[in-house]
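See structure below.
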Amino acid sequence: MINEILDDAKTRMNKSVESLKNELSRLRTGRANTALLENIKVDYYGNPSPLNQVANVTVADSRTLGVQPWEKGMVQVIEKAILESDLGLNPMSAGDMIRIPIPPLTQERRMDLVKLVKSEGEGGKVAVRNIRRDAISHIKELLKEKEISQDDEHRAEEQVQKLTDSYISKIDSLLKEKEEELMEI
């Protein structure tokens, strides 16, 4: 029973860390990264579709993204969608290819992004702590139903806390890494 609770907590904490990694990859760092355009939806014959389903997105160089629409008529629609996004990018079309230069970040914008990274990280830590709370409440239920002893309960709570501490430290290292990446000029 206790092992099942620990395995469930570990799986859920892992998902929280992966979700945080995904969120952090979408933050603009001044370098070209295809993850920047993942959330952009394009009007494809009346249906909002993710950009990567109507075009090929590539990294042309460290400061430029390339978007190659699969249909020539989609160039203007994709350009409009990128312009209307809150990314602050200015696409330039060259025939049937769209180039998106990634402007360098200002110091003020870097500081705003660091605050955003910290806020995302805090959300990840809260999620991990909520999973810890759930696991401990399940363990207490087992004790209440006399399925485990108090010693087992104490050991299980310690294991849950160690697990929580390890995932919190993973989150801290992810945040530190992202902050350094953002502050790098």
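None of the figures in this text is laboratory data; all of them are computed from the coordinates on show. Computed from a predicted structure; not experimentally measured. So basically every Cβ, Gly included, is an ideal-geometry build from the backbone, and we count neighbours across all protein chains shown.
Summary table
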quantity: Spacing of the two label points (7 Å from each Cα toward its C-beta) at residue 179 and residue 161, in nm; calculated: 2.6 nm
quantity: Rg/Rg_globular for the chain, with Rg_globular taken as 2.2 N^0.38 Å and Rg from C-alpha atoms; calculated: 1.39
quantity: Area projected by the alpha carbon convex hull of segment 68-110, averaged over all directions, nm²; calculated: 3.2 nm²
quantity: Full-extension gain in nm, residue 22 to residue 154, via 0.36 nm per residue minus C-alpha separation; calculated: 44.1 nm
quantity: Reach of residue 170 by Cα under 19 Å, taken over aspartates and glutamates that are not fewer than 8 positions away in the same chain; calculated: 7, 8, 18, 23, 120, 122, 158, 179, 180, 181
quantity: Whole-number percent relative contact order across the chain, with pairs defined as alpha carbons under 8 Å at least 6 apart; calculated: 25 percent
quantity: Net lengthening on full extension, residue 84/residue 43 (0.36 nm per residue, minus Cα-Cα); calculated: 13.5 nm
quantity: Check: segment 34-101 dipole with +1 on Lys, Arg Cβ and -1 on Asp, Glu Cβ, in debye; calculated: 100 debye
quantity: Share of Cα-Cα pairs in segment 1-71 lying beyond 20 Å, as whole percent; calculated: 51 percent
quantity: Phi to ³J(HN,Hα) by Karplus 6.51 cos²θ - 1.76 cosθ + 1.60 over segment 63-68, Hz, x for Gly, Pro; calculated: 10, 9, 9, x, 10, 10
quantity: For segment 34-101, the spread of Cα positions along each principal axis, largest first, Å; calculated: 33, 25, 17
quantity: Compactness relative to 2.2 N^0.38 Å, alpha carbon Rg of segment 100-149; calculated: 2.14
quantity: Spatially close lysines, pair count over segment 1-111: Cα under 24 Å, gap of eight or more or interchain; calculated: 5
quantity: Placed amide H near residue 55: partners under 5 Å, 5+ positions off or other chain; calculated: 70
quantity: Net length gained if the chain between residue 130 and residue 14 were fully extended (0.36 nm per residue, minus Cα distance); calculated: 40.4 nm
